[in-house]
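The structure under discussion appears below in the form of C-alpha cells.
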C-alpha cells in the first residue's frame, strides 16, 4: 500500500510517499535527507508516542498533578493508558519522578509524575 | 519606601532565568514578584513534553522545565513573593504591588526586569459575530481548566487557529474524552510545528481546514454550533461556502500579544511589530534601568530561547546596577525584504564588542533564501535557509569582530536575499 506522510524531524516538513507493500523493503520518496527514511520506516513498523496527562491528588496544595510516560509507548496503547490514569488518585506529597502507574498495559513503561505537589 | 536593587516582575520562565543570572553576576538584593500562587508561570499548565531540548538536552514537560529553574532560584535563596500583583511601574522605577498578605506596597528599584509574558488574543480582538452563549474559551484558558483544575470545558469542540496551543489542545481535549470535529485556520498554512500537526491532529483524524474561518457562533445560553466559511486570497469569507458545524465549545488559538500595560505606565517605547519594547542588545528599554525579556518582549517559539534571552537580561541589569553607564548613541536596525522584526531593535554605538545573537521573524513563507546582515550596505554575515516561515523564529549569532563592524556602521540592515521565491 502507498501512503502519504509528513516527516516531523525538522521544519522542512517533507511530504513523503511511502510504499510498504513489502514490509521488509519499505520504499520512501519525497524525503530531502536520510532521516526521512528512518522516520517513515519507524512510523510504519512500530509507531510510538509520548503520552502526558494529569491525575487527582488528595491533600495537596493543588488538586491535580501532571504525569508523563517515562518514554514513548506504542501508539495503540494511548487510549488504554489514559483510561488507567482516570482510576488513579494520589496522596500528597508527590514528587517529580514518582511512579503513578507501573508497566502500562504490559509494555514496560511507567507513568511518572512531572510536578512536585506538597501536602497541606 | 523600601529600596531594592533589582525587582523582577513575573516568576515564569523569563523571570526565573533572569533572577538566576543576576544572582550569578553577583547581585544579592533581588525580589521576584509573581501574581499566581506558585512560581513557573504558564509552564505549569503546559503538561505536554517537548521543552528543554536546547537547554537541558532532553525533552521535558512544562512543569519539569519550570521545576529545574525553580530549584536554581530556591538554592540561591533568591527572594520571591507569590500572590503579589504588580499594578504599576513608574518612569522613576517605583514598583507598586498588591497582595493579600502585604496590602499595597511600593518599592524603589535601581533596576527592573519586566518578565510578565504575553496574553492570548480574545474573541473581541478578532470580532467574531454571533451569539454570546457560554462555551467560547481561549485555548490557554481551556488548557488551565483541564490540566490544572481538572475540568473538561466541553464535549464537542471546534478550534479556531492552528498555532501550537490550538494543536496541543486538540490532542488534550481528545485525550480527556471530548470530540474535536475541526481545527479551522484562516491562513493557507499553519503557524504551528509540523510535528504537532502530525502528533496532535493526524494521529486522531482531526480535520484541519486551511483558508477557513469562523463567521458565526450559534446558541443563546450555550454554544450550539459555529458557522465556518472558506476565505478568498484577501482573507474575506466566501458566502457560498458557509456551513454549520454543531458543537458546544469553541476554542480560540488566534495569537499571543506581549503584555505591556506596565511598560506603558513606565513610558517604555513599544514596537508596533512585536508589541514589546524597543530594546538594545542589553535588552534595556529607552527607560534607563528598565529591561524586558521573554514573551513580554516578543513571542518566542521555545521556552529554551526565553531562558537564554532572560539570563542575558539578568546579567545586563546587574551591569547597570553596578554603574556601567547606558550608551546614548544608537543605531536602529532596519528589517527589509520580508524580515518582519529583529530583537534587539537598536544597537548601541559603543565599544563593547561581544558575540551577539539576533532573533527575527519573517513575514511570509519563503524557500531558498539567505538571511543576511548588512553594515553600510555590505554583507557581513549570510546564512542560507532552505525554508523560512513566520511560525519559526530565526536565530543568528555574530562574532565579536562582526559586532565591531556593525557597531561602527552608519546603517545596519537585516534582510532576505531571495533566490527562488514561492
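Worth a mention:
- Tally of residues being outside any helix (DSSP H, G or I) and more than 9 Å from every other protein chain (Cβ to nearest Cβ) across the range B:193-209: 5
- Residue that is surrounded by fewer than 17 Cβ atoms within 10 Å (Cβ to Cβ) and more than 18 Å from residue A:46 (Cβ to Cβ), where the choices are A:74, A:93: A:93
- Boolean, residue A:117 is within 25 Å of residue B:143 (Cβ to Cβ), within 13 Å of another protein chain (Cβ to nearest Cβ) and at pLDDT 90 or above: yes
- Residues satisfying the stated conditions in the range B:130-148, i.e. within 12 Å of chain A (Cβ to nearest Cβ) and in contact with a strand residue (DSSP E or B) (Cβ under 7 Å, 6 or more places away or on another chain): B:147, B:148
- Qualifying strands (runs of 3 or more DSSP E) (wholly inside the range B:19-129; at least 1 residues being more than 29 Å from residue B:173 (Cα to Cα) and away from chain A (no Cβ under 14 Å)): B:30-33, B:79-81, B:84-89, B:94-99, B:103-114
- Just one of (1) in a strand (DSSP E or B); (2) under 30 Å from residue B:190 (Cβ atoms) fails for residue B:390. It is (1).
- Filtering the range B:394-422 to residues that are within 14 Å of another protein chain (Cβ to nearest Cβ) and either assigned to a strand (DSSP E or B) or buried (at least 18 other Cβ atoms within 10 Å of the Cβ) (or both) leaves B:394, B:395.
- Top-ranked residue of the range A:1-11 - restricted to ones that are surrounded by fewer than 14 Cβ atoms within 10 Å (Cβ to Cβ) and within 14 Å of chain B (Cβ to nearest Cβ), ranked as farthest from residue B:191 (Cα to Cα): A:3
- Residue B:382 being outside the structural domain of residue B:278 (by TED's automatic domain parsing), farther than 30 Å from residue B:112 by Cβ and under 22 Å from the mean Cα position of the chain (by Cα): no
- Among the numbered conditions (1) within 19 Å of residue B:47 (Cβ to Cβ); (2) within 14 Å of chain A (Cβ to nearest Cβ), the only one that residue B:162 does not meet is (1).
- Options B:190, B:240; residue that is in a loop (DSSP other than H, G, I, E, B) and either within 14 Å of chain A (Cβ to nearest Cβ) or out of contact with any helix residue (DSSP H, G or I) (no Cβ under 9 Å at 6 or more places or on another chain) (or both): B:190
- Condition check for residue B:315: free of Cβ contacts under 8 Å to residues at least 24 places away in the same chain and closer than 25 Å to residue B:40 by Cα: no
- Scanning the range B:169-192 for residues that are under 16 Å from residue A:50 (Cβ atoms) and surrounded by fewer than 23 Cβ atoms within 10 Å (Cβ to Cβ) yields a count of 3.
- Answer residue from the range A:12-47, given it is within 30 Å of residue B:393 (Cβ to Cβ), in contact with a helix residue (DSSP H, G or I) (Cβ under 7 Å, 6 or more places away or on another chain) and in a loop (DSSP other than H, G, I, E, B) and is farthest from the other protein chains (Cβ to nearest Cβ) among those: A:31
- Residue A:14 vs. criteria at pLDDT below 95 and surrounded by 15 or more Cβ atoms within 10 Å (Cβ to Cβ): yes
- Qualifying residue in the range B:368-391 (condition: closer than 21 Å to residue B:277 by Cα and touching a strand residue (DSSP E or B) at 6+ places or on another chain (Cβ under 8 Å)): yes
- Given (1) crowded, with 20+ Cβ neighbours inside 10 Å; (2) under 20 Å from the mean Cα position of the chain (by Cα); (3) without any contact (Cβ under 8 Å) to a residue 60 or more places away in the chain; (4) not assigned by TED's automatic domain parsing to the domain that holds residue B:26, number of the condition residue B:141 does not satisfy: (1)
- Output for the range A:56-89, where each listed residue is free of Cβ contacts under 8 Å to residues at least 24 places away in the same chain and under 12 Å from the mean Cα position of the chain (by Cα): A:76, A:79
- Residue match in the range B:353-370 (condition: over 30 Å from residue B:57 (Cβ atoms), without any contact (Cβ under 8 Å) to a residue 40 or more places away in the chain, touching a helix residue (DSSP H, G or I) at 6+ places or on another chain (Cβ under 6 Å) and in the same structural domain as residue B:395 (by TED's automatic domain parsing)): no
- Of the set (1) under 19 Å from the mean Cα position of the chain (by Cα); (2) closer than 25 Å to residue A:52 by Cβ; (3) surrounded by 19 or more Cβ atoms within 10 Å (Cβ to Cβ), all apply to residue B:114 but (2).
- Condition check for residue B:219 on (1) free of Cβ contacts under 8 Å to residues at least 60 places away in the same chain; (2) surrounded by 19 or more Cβ atoms within 10 Å (Cβ to Cβ): one failure, at (1).
The values are calculated or read from the model by the stated rules, or taken from the named source; none is laboratory data. Source: prediction; values computed, not measured. So basically every Cβ, Gly included, is an ideal-geometry build from the backbone, and we count neighbours across all protein chains shown.
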